[in-house]
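The values are calculated or read from the model by the stated rules, or taken from the named source; none is laboratory data. Keep in mind that what you see is a predicted model, and the values were worked out from it rather than measured. Neighbour counts run over all protein chains shown; Cβ positions are idealised from the backbone, glycine included. Accessible surface areas use protein heavy atoms only, side chains included; no ligands, DNA or RNA. Shrake-Rupley method; radii C 1.70, N 1.55, O 1.52, S 1.80 Å.
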Amino acid sequence: MKNIRGKILLFCCVLFAGKALAQHGIRFDSLSFNALKAKAAQEKKLIFIDCYTSWCAPCKWMDMNVFTLPAVAEQYNQHFINARFDMEKGEGIALRKEYNVSSFPTYLFIDSKGKLVYRSGSRMTAEEFMAVGENANNPAKSVAALQQQYDNGKRDMQFMLDFYNVLQDNDRNKAEQLGQEIVATFPEQHMQSELGWKTIKTLARTENDRLGAYFMQHQQAFRSYARAGEIDTLATRMVTGLLYGYIREGKDEALMKRLDFFRKSPLEARRREGVLIETEYYLHNKRYSDFNKLANSALKGVLKNDADKLSFIARRSGYRGDVVAEVLPVSYAMAKRAVALQPEEYSTQSTLAQLCLSMKKKEEGLAAARKAYTLAGTTKIEGIVNKLIAQLEQL
């Protein structure tokens with residue numbers, strides 16, 4: 001009996017300890033890069049480096065929604081020496097140059113000698129981030145190993161998709177070529193499968209390409225493979241990509257007809273996306289009265305609580321030189337509303353400050369610019385805001 005009780009007690013202690021270790025998320029060591037390499041050599045582990053900047057929204061999202069999860073923390077704390085560097089400060093500047101980090105977040109997996117073993121990046125789900133960790137620790141998933149298999153003629157679609165995902169973070173040109181090969185050769189009879197869904201999510205671009213067209217015609221077939229909301233999100237992406245192409249190509253009639261996909265949608269998120277596309281179309285074609293009418297309507301309606309999109313439209317419309325005078329009032333109103341919704345965001349405050357400069361609203365602009373300065377977080381952005389403050393002070 002004592003032995004059984006002892007085992008139960010030990011199990012509970014181990015379970016509690018595991019939860020305690022994971023509950024605070026990934027443990028990041030505050031060590032120099034050289035010290036990290038020494039620790040990696042001693043513990044025979046790879047170094048995981050989260051490459052971030054203080055202004056990077058996806059970085060902050062990963063911090064709050066993925067790095068803190070117990071399962072993620074358990075995997076990374078057990079298998080890696082974890083570290084993080086601001087790519088615009090201190091040692092991060094040199095690491096950014098050495099490992100050619102150009103987007104944020106970027107995830108580097110480096111051995112004890114400083115050799116890059118694996119890399120990935122961007123905002124992703126916990127499942128995707130854990131898969132990255134598994135791949136990094138698997139020598140068979142390195143770029144060199146996968147390239148060798150490809151050169152030897154391996155072409156099954158799961159392998160091709162895995163190889164594409166790895167190349168995306170290492171060699172975009174090769175990834176693009178491989179992606180085109182996958183799109184052209186993926187067997188149609190296997191489209192309605194879990195692998196087909198993953199491939200479509202990854203490589204479909206618009207409803208006019210091979211994978212996108214198949215998806216748009218068979219959306220219900222993927223319900224068993226997709227997470228909540230993914231079908232609608234992907235459909236929105238397919239049509240969005242198509243319509244921005246129409247804007248660039250001057251296909252006005254086709255664009256206005258397809259806009260009903262957004263305008264008449266029961267999904268509010270899709271209607272909001274449609275406003276972005278339609279306002280961009282009006283600006284591109286200098287239809288400023290139509291832009292103002294739609295922007296004012298959206299400000300009072302579908303976008304009234306969407307700070308990100310309000311601020312985005314304000315930036316696009318308010319910084320266009322010759323068209324500023326005609327769209328400036330509604331741009332300013334959108335920027336003010338965005339600040340009211342998200343006063344602690346650098347982008348909303350800096351957008352309002354810039355528009356105040358254009359409208360010669362000195363005091364309001366200075367208040368927004370000084371607030372943006374406190375939120376900037378990096379020397380580069382602080383310099384931009386200081387220039388804006390100086391311009392406002394001269395009004």
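Taken over the stretch 344-369, the criterion of being among the charged types (D, E, K, R) and either outside the structural domain of Met334 (by the TED database) or farther than 25 Å from Lys309 by Cβ (or both) is satisfied by Lys360, Lys362, Glu363. Taken over the stretch 132-160, the criterion of being of a type in the set (A, V, I, L, M) and more than 20 Å from the chain's Cα centre (by Cα) is satisfied by Ala136, Ala140, Val143, Ala144, Ala145, Leu146, Met157, Met160. Of all residue pairs spaced 6 or more apart or on separate chains, those with beta-carbon atoms under 6 Å, a first member in the stretch 371-394 that is outside the structural domain of Met87 (by the TED database) and basic (Lys, Arg) and a second member that is modelled with pLDDT of 90 or more and part of a helix (DSSP H, G or I) are Lys371/Gln349.
Here Tyr281, Tyr319 are screened, and the one residue that is within 30 Å of Pro343 (Cα to Cα), modelled with pLDDT under 95 and out of contact with any strand residue (DSSP E or B) (no Cβ under 8 Å at 6 or more places or on another chain) is Tyr319. Looking at the stretch 105-137, which of the residues that are of a type in the set (Lys, Arg) and out of contact with any Lys or Arg (no Cβ under 8 Å at 6 or more places or on another chain) is least open to solvent (accessible area, probe 1.4 Å)? Only one residue fits best here, namely Arg119.
Here Tyr281 fulfils each of the conditions (1) touching a residue at least 24 places away in the same chain (Cβ under 8 Å); (2) open to solvent by 20 Å² or more (accessible area, probe 1.4 Å); (3) more than 23 Å from the chain's Cα centre (by Cα) apart from (2). Here are the criteria: (1) modelled with pLDDT under 95; (2) within 24 Å of the chain's Cα centre (by Cα). Tell me which single one Ala335 does not satisfy. (1) is the only condition that Ala335 fails. Is it the case, given these coordinates, that Leu146 is more than 24 Å from Phe222 (Cβ to Cβ), touching a helix residue (DSSP H, G or I) at 6+ places or on another chain (Cβ under 6 Å) and part of a helix (DSSP H, G or I)? Yes; evaluated as a whole, the condition is true for this residue. Take the stretch 371-381 and flag every residue that is in a helix (DSSP H, G or I) and surrounded by 15 or more Cβ atoms within 10 Å (Cβ to Cβ). Answer for the stretch 371-381, where residues must be in a helix (DSSP H, G or I) and surrounded by 15 or more Cβ atoms within 10 Å (Cβ to Cβ): Lys371, Ala372, Tyr373, Leu375, Ala376, Ile381. Met238 fails exactly one of the following numbered conditions: (1) hydrophobic (A, V, I, L, M, F, W, C); (2) touching a residue at least 24 places away in the same chain (Cβ under 8 Å); (3) closer than 25 Å to Val302 by Cα; (4) in a loop (DSSP other than H, G, I, E, B). What is the number of that condition? Of everything listed in (1) hydrophobic (A, V, I, L, M, F, W, C); (2) touching a residue at least 24 places away in the same chain (Cβ under 8 Å); (3) closer than 25 Å to Val302 by Cα; (4) in a loop (DSSP other than H, G, I, E, B), Met238 misses just condition (4). Taken together, Gln158, Gln177 contain a single residue that is polar (S, T, N, Q), in a helix (DSSP H, G or I) and over 23 Å from Gln219 (Cα atoms), which is Gln177. Is the stretch 202-223 home to any residue that is over 19 Å from Asp306 (Cα atoms), of a type in the set (Val, Ile, Thr), in contact (Cβ under 8 Å) with a residue 40 or more places away in the chain and open to solvent by less than 60 Å² (accessible area, probe 1.4 Å)? So far as the stretch 202-223 goes, yes, one or more of its residues are over 19 Å from Asp306 (Cα atoms), of a type in the set (Val, Ile, Thr), in contact (Cβ under 8 Å) with a residue 40 or more places away in the chain and open to solvent by less than 60 Å² (accessible area, probe 1.4 Å). Residues in the stretch 65-104 that are touching a Lys or Arg at 6+ places or on another chain (Cβ under 9 Å) and part of a strand (DSSP E or B): Phe80, Ile81, Asn82, Phe85. Somewhere in the stretch 138-146, is a residue among the small types (Gly, Ala, Ser), under 24 Å from Val72 (Cα atoms) and in contact with a His (Cβ under 9 Å, 6 or more places away or on another chain)? Scanning the stretch 138-146 turns up no residue that is among the small types (Gly, Ala, Ser), under 24 Å from Val72 (Cα atoms) and in contact with a His (Cβ under 9 Å, 6 or more places away or on another chain).
Return yes when Gln189 is at pLDDT 95 or above, open to solvent by 40 Å² or more (accessible area, probe 1.4 Å) and within 23 Å of the chain's Cα centre (by Cα) and no when it is not. It is false that Gln189 is at pLDDT 95 or above, open to solvent by 40 Å² or more (accessible area, probe 1.4 Å) and within 23 Å of the chain's Cα centre (by Cα).
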